[in-house]
Every structure is written in structure tokens, then in C-alpha cells.
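In what follows, a structure is listed as C-alpha cells, so that the remarks can point back to it.
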Amino acid sequence: MTRRRLRVHVSGAVQGVGFRPFVFALAQRYALSGFVCNDARGVLAELEGDTHRAFLWALRSEHPPLARIDRVDVTSLPALGSTGFAIRASLAAGAATSRAIPDAATCSACLADLFDPASRFYHYPFVTCTDCGPRFTITRRQPYDRANTAMADFAFCGQCAADYADPGNRRFHAETLACPDCGPQFSHTVQEIAAILRVGGIVALKGIGGFHLLCDATNETAVARLRLRKRRPARPFAIMLASDGASRPFASPTAAERDLLNRSARPIVIVRKGTGLAPSVCPRLRTVGVMLPSAPVHHLIFHALERNGADGTCALVVTSANLAGDPLVIAGAAAAQDLSPIADLVVTHNRPILIRADDSVMAVIAGEPAFVRRARGYVPDPIDLGEDGPTVIALGAHLKATVCVTHGREAFVSQHVGDLDSAQTRRFHHETVQRLLAELGIRPECVACDLHPDYGSTVVAQTLDLPVLRVQHHAAHLAAVAAEHRLHGPLVGLALDGHGHGSDGMAWGGELLIRTGGIWHRHGHLRPLPLPGGDRAAREPWRMGMAAMVAMGRGAEAERRFSRHPLAAPLTRTMTADGPVTTSMGRLFDAAAALLGVCEDQSYDGQAAMELEALVDRTQIQPGGYHIIDGMLDFTPLLGTLLQPGIDAQTGAGLFHGTVIAGLAEWIGAVALAQGQTRVVLGGGCFMNRVLAEGLALALRRRGLEPWLPRLAPANDGGIALGQAAIARAHLMQSNRS
């Protein structure tokens, strides 16, 4: 056969995954000469020989497990008569288009080394190889070489240098490679950590994307102490188990949930709660967030606990180490100052965390995975939008903020940033904006933000020296779902959440929208309820319970029912038709929870709705529980039913969910029929309620409709940036065509 030389350019997530060693091994297998290196676009190889077809097939079909190939460009070159094959130094010229890859949990081979007394990595809490370990959180810049990571200051010892240079070793060109002789070290031993946990203490532990707080999840005193010190009175904690086999008795994951738990991203997965956990882990809920070890140190801690008296079924609370409202702590100096009042032991290490990333949180809803929070393990994987488009940046909402940048056909959604109430979180948001733009080497054509004038993200948008497009909150929720599923053309959409600034300046949150010509129009909404106290009503559900009773003409009864609240009487008497109102489904849930006595004051977002959902054993439909008049869906009759004598909280919760599902399905069905549409997109934070999401999706399918739920971005405000970006892209594309 004729000897040829080809230049092969591979783009995608191909740096930091062992791709160069993989190409090296393939070249050896197929007797090809040449070289391979990283460059700004990805991985570049030149290969000379006569077996290129077999090489290219193997390149696409056998690539390393963490790699994601977007495209392979092949160019013919004159043969040089070269011999041998080498891995060359990276080429850094040009704008960076290669992307970092997510952090990955310890692989089975490294786990075997961790517990093999004959291995030099025995009990070393930073063991890693080309198939596992931190990537995104330790990367300073592309291309992904050791000098551009947090490992830059750790020079190889002789043995690590030999492994790094050995084509037959799985740590061949593993940039995170280190051992006890040359690598990072923890400030305390695993035995010291385990000793504190065994006696009910709290440990602050530096991990991959930030610090965690740990304690014994079966020790009520320890968990209650953690709640008190962290000022987190009721929000559920997640737990970590040694393996999915150790879930009993603490949790009952389904097969689909077990699959999620064991993915290399190691997300927190919301599953059915079992027995044996301290009551304060997730009070008044039937579910618990479960995660498996994501780093070698976690495996070592469980091993130490089990060797010292535990029966192999220990569970640990593992929660983000941050002060209320602030971002995750990542620096050792900050940890000593901020976490010492919370933790009995602060454990740090000397490998820097360059990018903070919370744990991802997921649930299986309607049979498929869905994000509650998208962060470590999944970021910075892009979302494929299906077609090329303008480059834009979107800054998200004010709560659960994320940032999104589109480039070509891809949308890069940042890790969870948080609520933009504190200066520290706003600084983190700014850093995230700058990092995304720098990594992609782009200048956007415009910046998209929320319609609300006072959101922190809206304020930032005005500072970027770009044209600003302000996007209505609920249109963004629905656009995010349409974008990830690549749904084009006319659509019917239902957005259900707690709050969003409407185009009329009012508080929306239960909106039926229709997309025509790329623009979302409000077609209908829930019947407005008074919003006593404005934003305070979101924190104090008793206000919404009282508002519902006033709307039913039962103000005097409302004063008596909520008399323990000093403001109940004056608020009841001052609620007028001219006061603030809301169409929010989230506030409707709050009203129901308050009327049923489930939750009158909440300490975290969504508490009332979550506790109401937790009571549902089965749903029921209240006849006459809703009315649909002139495009408005009115659940006032249902709220009246919840006040009837003999309706206990559990019965009421089932009636509420069942009737809401029935009313929404009828409402949507009529509009979809009138519009000649079958596709319905469902978005907004209320769709994290599994009973509502699954019940409504089923009801719509029974009507011959196609419901589309959020999957790749959170249903809550964490997905808003994606929707803003999608609308901005569509706006620019339309403008360019005109």
C-alpha cells in the first residue's frame, strides 16, 4: 500500500483524559510514525504509514472513557519518511477552543491501588490516573498540561517520572500523577478524622471543588449540633455512603437511581429515605440526598470507620462548607477562619482548588435523570443546541444563579453560583463570567439578563459594554427546555415557579405561554392571589394562607386561624384589590401548606412545598376544585376544600396535588387543541416536585400531548441562563435575517 501522512485534529473534551497516550498506543498498534500533542483546539497528531483507516476507526470507537469527541478533521500531507512516534510538548498558539473536562470519581483500578499494601499508592488520598481524578477544578488554563494546573508545583519523584514516561503504564502522561513522596498531603491523618467522627464531632474537609462538613448521620446530637453551628435549621442534609450496597437501611434507591449514584460524576441523588438516620438529617421529608465517595480520601475515611467498630453500614452527613448565603469555601486560610466555629477539626491539603464547584444534585423524574443543581462532575460539559448560532452570554437570575455562554452549536452553562445576595457570591458570579469568556477566547455579541431591574445579574449586565437583551423570567424557563431538546417552531409552554418579574411589572409564577415566530407570549395564568408583604410572603407561608382566605371572603376567620402571628390582623384588614398580587404556583403551594397546618414559616426556599409533597401517598381529584375562565385557571374552590373540617394534612396534600394536576392538564389540553399543537414544554422550579411533574406528564400524554421536562439544566432558576441565551441567540439570528 502507498505510504501516506495525515494530520488529524481531534476537538472536544480530549485533554486531561489520557488521549495523547491513547493515540500513542494506537500508533504503535498500527505501526504509524509521527507525533501527537495538545494544542489550543484539542489534540493534534501527524501519522505516517499505510494503516490510517484502521487507526481512525479505532480512534472514534475506543477512545478513553472520559473523552468526548466533537469532530475529527483529517488533512493529507506529503510523506516525510519519518520513523518512531512521540508525544510532543503542547502548542499553545491560537485561541483556545479545546475545553476542560469535568472532575471524575476514583476509578476501580486506582481504588485497587489505594487498598493494595504492595502498591506505592497504598492509602495515598490523592491517587489518580488518566481515567479519574480532578480536572475542571484544578485547571488554570488550556491546553491541559501539568504546568497549567494546580499540580504545577509538585515535581515528579523518580518513580512517578518513570510512570509518566512509560507507554505501558496507565499513568502515562497523567498530569495529576503524584505519590506520597512527591505529591500533595493532607494536614491531618485519616485516623484523626475518623476519631472525631466516631465521637460525634464535626469535620471540615477540603475536597475537590471545595470544603465539606462531615458528621455521623446516625448521631442525632451531632447532626443537631451541625445545624445549630451552621445556622441551617431545617434544609435537608445529604449523606454519603461507602457504596450503593451500603444504602440499606438508610435509603431505598431504584435501579435508575443506583445507576446515577455510580456514575463517575458522583452526584447527590434524591432517593426514598429509609431508616436509621438521625431525624434531623432531613426533617419532615420522605426523601434523602445520597452520594457515593468521589475522592480517595472518602474511601479511606469509611475504611477507617469500619475497621474501628462500625458494622459496615455507617453513613456520614456531607454538606457544603459555607456560611449562610456565601459561596463554598475553597482556600485553607479562609477555612481556618470561617469554619473553625462550625467544625471541631478543619482538615486541609496543599493542592489548590482553582475553581470552586458544589456537588451536583439529581433526581429521577418520569423515568429519566433531571438536575436539581448542575455542578461538579458535569460542568463544563456543554449542551448541544443542534445548530450553529451567534455567541452570547447570559447572566441568569438572582437566585440559584448560573452563567451561560454559547459558542457555535454549544451552550456552556457554568456550575451553580448561588444567590446573589452577598458580596462574596456576586464576586464569584463575576469571576465565573470572566473565566468562561477567557477559556473560550470569545467576545459575545450581546448579554442577556432577567427582566427584573433589581436582580444582581441584571446590574452586572449593564457593566459588560455589550448590547443588553432583557428576557422575561418564565419565557427563559421554557426556552431552556426547548433549547436542550432542540424543539423548533410553535410550542405551548407551562412555567410554574415561585416568582418572576412579569412584563406588566407584576409577580408571575403560574403562566401558560405560547411560542410563535420565536417569541413567547403570555396566553393565560393562574388566578392572582394577594401577596401580603411582597417578598416576605415567600418566606412566611402563613401570609399566603391568610391571603387565600381573604380572597374567599373569609378574612375574619383568617385572623383567628393565624392569630399567633402578630401581623395577621392588620394585614387582613389592609389587603385590598389595589395591593400587590401574584399568579405564582409556588405561592399557591405555600397557601395550601399553611391552610393544612403543614408549614407556616419556612427557613429555606421551597420548604413548604417539599413538606406538602412528602405527605402524599396517593392523589385525589376534588370535583369542582377549579374553574377555567377566559384563559385563567382558578383553584380557589380547592383551597376552600382544604379548610373543611375532617380534612387532615395527608388527605389535603393528596387532594391538592391531584386537583392541581387535573386542572393544569385540562387547561393546557384546551389551549394546545385550539393552537393545533401537541408539544408542551414544562419548566420552572415547581417541576422539581416529582408528584406534580410525573402526574402532569402522564395526564398530558393521556390527552395525546407530548410533554417535555427539563433534563440537562435544572428546572429551577439554575436553568434560567440557558433559556436567556437561547432567546438571545434566536433574537440575533432573526435580526441578521431581516
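What follows is calculated from the coordinates using simple rules that are stated; it is not laboratory data. None of these values were measured; they are calculated from a predicted model. Glycine gets a Cβ as well: all are built from the backbone with ideal geometry, and neighbour counts include every protein chain shown.
Okay, here's what the table says:
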{"quantity": "Fully extended contour minus Cα-Cα distance, from Arg258 to Asp153, at 0.36 nm per residue", "calculated": "34.0 nm"}
{"quantity": "Highest-first arrangement of 144-150, 20-26, where packing means the average Cβ count within 10 Å", "calculated": "20-26, 144-150"}
{"quantity": "Binned Cα-Cα distances of the range 4-87, short to long, each 10 Å bin given as a whole percent", "calculated": "19, 59, 21, 1"}
{"quantity": "Long-range amide H partners of Val347 with built H, under 5 Å", "calculated": "Ala204, Leu205, Lys206"}
{"quantity": "Computed [θ] at 222 nm, deg cm²/dmol, the chain (DSSP H ≥ 4; -39,500 (n - 2.57); rounded to nearest 500)", "calculated": "-9500 deg cm²/dmol"}
{"quantity": "Nearest 10 degrees, 0 to 90: helix 473-484 Cα axis against the chain principal axis", "calculated": "40 degrees"}
{"quantity": "Prolate/oblate/rounded call for the range 376-507, Cα gyration tensor, a/c under 1.5 rounded", "calculated": "rounded"}
{"quantity": "Gyration tensor verdict on the range 421-460 (Cα atoms; rounded if a/c is under 1.5, prolate if a/b is larger than b/c, oblate otherwise)", "calculated": "oblate"}
{"quantity": "Inter-label distance for Gln675 and Thr463, nm, one decimal - labels placed 7 Å from Cα along Cα-to-Cβ", "calculated": "3.8 nm"}
{"quantity": "Debye-sum result for the range 664-738 in log10 I(q)/I(0), which assumes one identical scatterer on each alpha carbon, at q = 0.12, 0.25 Å⁻¹", "calculated": "-0.43, -1.07"}
{"quantity": "Cα-based helix-to-principal-axis angle, 19-29 vs the chain, degrees rounded to 10", "calculated": "40 degrees"}
{"quantity": "Size of electric dipole in the range 349-434: Cβ of Lys, Arg +1 and of Asp, Glu -1, about Cα centre, debye, nearest 20", "calculated": "400 debye"}
{"quantity": "Whole-Å semi-axes of the ellipsoid equivalent to the range 112-182 (Cα gyration tensor, √5λ, descending)", "calculated": "20, 13, 11"}
{"quantity": "Interatomic Cα distance distribution for the chain, bins of 10 angstrom, percent", "calculated": "3, 14, 23, 24, 19, 11, 5, 1, 0, 0"}
{"quantity": "Dipole of the chain, positive end: most advanced residue of Gly502, Ser90, Pro167 [Cβ charges, Cα centre]", "calculated": "Pro167"}
{"quantity": "Cα centroid separation, the range 145-185 to the range 666-738 (Å)", "calculated": "47 Å"}
{"quantity": "Extended-chain gain in nm, criterion 0.36 nm per residue less alpha-carbon gap, His9 and Arg68", "calculated": "19.9 nm"}
{"quantity": "Ratio of Rg to Rh over the range 190-361 (Cα coordinates, Kirkwood Rh, two decimals)", "calculated": "0.93"}
{"quantity": "Electrostatic dipole magnitude of the chain [Cβ: Lys, Arg +1; Asp, Glu -1; Cα centre; debye, to 20]", "calculated": "520 debye"}
{"quantity": "Per-bin percent of Cα-Cα distances, the range 7-144 [5 Å]", "calculated": "2, 10, 18, 20, 17, 14, 10, 6, 2, 1, 0"}
{"quantity": "Helix 690-702 axis, angle to the chain major axis (alpha carbon atoms, nearest 10°)", "calculated": "80 degrees"}
{"quantity": "Stokes-Einstein D (µm²/s) once Rh is taken as the Kirkwood radius of the range 587-738 over alpha-carbon pairs, at 25 °C in 0.890 mPa s", "calculated": "144 µm²/s"}
{"quantity": "Dipole magnitude of the range 524-708, debye to nearest 20 (Cβ charges: Lys/Arg +1, Asp/Glu -1, about Cα centre)", "calculated": "180 debye"}
{"quantity": "Difference of contour (0.36 nm per residue) and Cα-Cα distance, Cys182 to His521", "calculated": "116.0 nm"}
{"quantity": "At 1.002 mPa s and 20 °C, Stokes diffusion of the range 269-368 via Kirkwood alpha-carbon radius, µm² per second", "calculated": "132 µm²/s"}
{"quantity": "Selection from Pro233, Ala195, Ala331 lying farthest towards where the dipole of the range 190-361 points positive, charges on Cβ", "calculated": "Pro233"}
{"quantity": "Length-normalised contact order for the chain - Cα pairs under 8 Å, 6+ apart - percent", "calculated": "11 percent"}
{"quantity": "The range 530-605: C-alpha pair distances exceeding 17 Å, %", "calculated": "32 percent"}
{"quantity": "Leading residue at positive end of dipole, the range 621-738 (Cβ point charges), from Pro645, Val691, His627", "calculated": "Val691"}
{"quantity": "Segments 36-43, 647-654 sorted - mean Cβ within 10 Å per residue, highest first", "calculated": "36-43, 647-654"}
{"quantity": "Residues Trp57, Trp667, Trp520, Trp542 arranged by fewest to most Cβ contacts within 10 Å", "calculated": "Trp57, Trp667, Trp520, Trp542"}
{"quantity": "Sequence-distant aspartates and glutamates (8 or more away, or on other chains) whose Cα lies within less than 18 Å of Lys400", "calculated": "Asp326, Asp358, Asp359, Asp419, Asp421, Glu431, Asp450, Asp454, Asp497, Asp535, Asp605, Asp717"}
